[in-house]
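Chemist: Have a look at the structure that comes next, please.
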Amino acid sequence: MPILKEQNPSAITLPTPVAEIRHPAHRPHRVVLIPGDGIGPEVAEATVRAVEATGISVEWERIELNAKTIAEHGGVLPNTVLDALGLFRVALKGPVGTPIGGGFQSVNLALRKKLNLFANLRPVRNMPGLKTRFSDVCIDLVIFRENTESLYSGLEHRVAPGVVESLKVITRKASLRIAKSAFAFARREGRRRVTAIHKANILKISDGLFLRCCRRVAREYPEIRYDELIVDNAAMQLVTRPETLDVLLTPNLYGDILSDLAAGLVGGLGIVPGANLGETHAVFEAVHGNAPDIAGKGIANPTGLMQSAALLLTHLGERTAAERLETAIHDVYREARYLTPDVGGAASTADFTDAVIRHLELPAAA
Ligand code: NAI
């Protein structure tokens with residue numbers, strides 16, 4: 001039986017899946033801002049403007065983190081980043097490019113490992129009014145991706161000329177932790193189904209352990225339907241029956257790939273927000289990368305980072321501001337006059353942002 005949810009649901013106001021991490025209620029809130037590189041600074045500036053237009057007072061601690069600072073510092077995580085995050089514990093982050101097939105280690109990976117940001121949460125929903133191949137069905141799913149291990153262990157070596165090994169690491173501890181977060185989230189949000197994604201037919205020991213952990217946690221949540229999908233079948237289900245999927249609980253690599261696929265269902269990478277959550281820190285960032293092909297052109301879509309900022313505001317306890325920001329973004333999509341080229345419009349990043357701010361400044365509907 002498909003899980004049908006309300007079409008065009010109200011603003012995303014996801015609570016953090018790790019209930020313990022609540023940022024101290026500073027006024028103004030203190031948030032580390034890492035604009036990143038490529039389109040990062042463009043979407044970060046747009047998002048800061050939108051957050052400020054909600055009226056919430058935020059003190060931004062801006063930290064540069066990009067290929068240049070990495071070259072200067074000689075490591076991917078300068079002390080400035082770690083010191084600021086140690087103090088403020090919460091960040092809004094733009095994308096940072098990673099060289100392909102060589103060069104420095106991924107900044108994102110290093111940050112997630114260093115701060116133990118074990119849960120990567122990506123809510124994927126239709127944008128109101130936006131025509132896509134799937135706009136006739138209600139897509140409202142959340143991907144819970146384990147963020148610290150699997151093939152992202154970074155353990156690769158050359159065994160012999162022409163032969164390399166990459167180690168896929170799966171631990172009981174990390175698998176139980178992500179499964180508990182996903183189920184606790186599903187219970188809190190009234191979600192009805194959690195689907196574990198795996199390839200345990202082939203990777204019997206590693207994905208087998210992941211599945212056993214998911215099953216163990218599932219037994220503690222009898223009201224939530226638990227099932228499993230092999231990752232290739234999950235990819236197919238996502239494009240044939242996306243409305244039936246609810247919470248996807250995944251190891252690292254599968255979640256990474258499926259979340260880009262899922263982003264494609266609702267309009268592309270420019271839209272989908274994300275959060276990296278641990279026990280003590282939280283870093284909010286969009287799903288997309290630094291998009292070097294459009295960097296500097298002023299046409300990047302800031303929706304993904306703005307919606308990540310709405311998750312951040314919820315995390316800070318500013319639920320009303322988060323809802324207002326989400327609603328303003330949705331209104332701009334409904335209006336369809338100021339959309340960026342990736343979603344079929346002709347507006348610039350600044351035009352879209354101005355439109356969001358105008359909606360934020362409108363008096364509340366009588
Ligand atoms: P990408 O997301 O940067 O770009 C893929 C395609 O989507 C491009 O055509 C791009 O123009 C478009 N796109 C992405 N975001 C957009 C936006 N906000 N508005 C409009 N169009 C947008 O992915 P790609 O090319 O795989 O990666 C580029 C670099 O980004 C790599 O170095 C990668 O490592 C890095 N990356 C960083 C991430 C992070 O910092 N969290 C996440 C993903 C990739």
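Chemist: Looking at region 198-255, which trypsin sites (Lys or Arg not before Pro) are DSSP coil and have at most 11 other C-beta atoms within 10 Å of their C-beta? Can you show the working numbers first?
Modeler: Numbers: sites: 199, 204, 212, 215, 216, 219, 225; in loops: 199, 204, 219.
Counting only loop positions with at most 11 other Cβ atoms within 10 Å, the trypsin sites (Lys or Arg not before Pro) in region 198-255 are 204, 219.
Chemist: Karplus couplings for region 93-101 from phi (6.51 cos²θ - 1.76 cosθ + 1.60, θ = phi - 60°), rounded to Hz, Gly and Pro as x?
Modeler: With the stated coefficients, region 93-101 comes to 10, x, x, 10, x, 10, x, 9, x Hz.
Chemist: Identify, among 77, 63, 36, the residue whose Cα sits farthest towards the positive end of the charge dipole of the chain, taking +1 on the Cβ of Lys and Arg and -1 on the Cβ of Asp and Glu, with the dipole about the Cα centre.
Modeler: The Cα lying farthest towards the positive end belongs to 77.
Chemist: Further question: Helix-only estimate, please: 222 nm mean residue ellipticity of the chain, summing -39500 (n - 2.57) across DSSP H runs of length 4 or more and dividing by its residues, to the nearest 500.
Modeler: -11500 deg cm²/dmol
Chemist: What full-extension length gain, to one decimal in nm, is calculated for residue 280 and residue 98 as 0.36 nm per residue of separation minus the Cα-Cα distance?
Modeler: Using 0.36 nm per residue and subtracting the Cα-Cα distance, I get 62.9 nm.
Chemist: Report ³J(HN,Hα) in whole Hz for each residue of region 55-62, in order, from the Karplus equation J = 6.51 cos²θ - 1.76 cosθ + 1.60 where θ = phi - 60°; Gly and Pro get x.
Modeler: x, 7, 8, 10, 9, 8, 9, 7
Chemist: Sketch the reach of a paramagnetic label on residue 203 as a point 7 Å from Cα along Cα-to-Cβ, and name the residues of region 227-250 whose backbone nitrogen lies under 13 Å away.
Modeler: 230-232, 250
Chemist: Roughly speaking, what is the centre-to-centre gap between region 88-149 and region 305-332 when only Cα atoms are used, to the nearest Å?
Modeler: Computed from Cα coordinates, the inter-centre distance equals 17 Å.
Chemist: Over the chain, average the accessible area per residue using a 1.4 Å probe and give it in Å², no decimals.
Modeler: 42
Chemist: Could I ask something else about it? Sum up the lysine pairs in region 18-170 that clear both bars: alpha-carbon distance under 21 Å and a spacing of 8 or more or different chains.
Modeler: So the count works out to 6.
Chemist: On to the next question. When all protein chains stay in place, what accessible area (Å², nearest 10, 1.4 Å probe) is found for residue 206?
Modeler: Around 30 Å² of this residue is reachable by solvent.
Chemist: Using θ = phi - 60° and the Karplus form 6.51 cos²θ - 1.76 cosθ + 1.60, what ³J(HN,Hα) does each residue of region 268-283 get, whole Hz, x for Gly and Pro?
Modeler: Computed from phi, the couplings for region 268-283 are x, 5, x, 9, 7, x, x, 9, 10, 10, x, 7, 10, 10, 9, 10 Hz.
Chemist: If we count GluC sites (Glu not before Pro) as exposed when they sit in a DSSP loop and have at most 10 other beta carbons within 10 Å, what is the longest stretch of the chain that avoids them all?
Modeler: After excluding every exposed loop site, the longest remaining stretch is 21-222.
Chemist: Along the charge dipole of region 133-251, Cβ charges K/R +1 and D/E -1, which of 190, 248, 218 sits furthest on the positive end?
Modeler: 218
Chemist: Still on this structure, I have one more. When we measure straight from the Cα of residue 173, which aspartates and glutamates land under 13 angstrom away, once same-chain ones fewer than 8 places off are left out?
Modeler: Correct list for residue 173: 146, 149.
Chemist: Take each complete run of DSSP H in the chain, measure how far its Cα atoms stretch along the helix's own axis, and keep only those covering 15 Å or more with mean Kyte-Doolittle hydropathy at least 0.0; list them.
Modeler: 40-53, 206-218, 252-265, 303-315
Chemist: Separation between the residue 239 and residue 189 pseudo-spin-labels, each 7 Å from Cα along Cα→Cβ, expressed in nm?
Modeler: A separation of 2.5 nm, rounded to one decimal place.
Chemist: Using alpha-carbon pairs under 8 Å, 6+ residues apart, how would you state the relative contact order of the chain in percent? Don't jump to the answer; show the numbers that get you there.
Modeler: Working: 760 pairs, mean separation 92.9, N = 366.
For the chain, the relative contact order is 25 percent.
The values are calculated or read from the model by the stated rules, or taken from the named source; none is laboratory data. All values derive from a computational prediction rather than experimental measurement. Every residue, glycine as well, gets a Cβ built from its backbone with ideal geometry; the counts of neighbours run over all protein chains shown. Ligands, DNA and RNA are stripped out before the accessible areas are found, and what is left, the full protein with its side chains, is counted by its heavy atoms. Shrake-Rupley method; radii C 1.70, N 1.55, O 1.52, S 1.80 Å.
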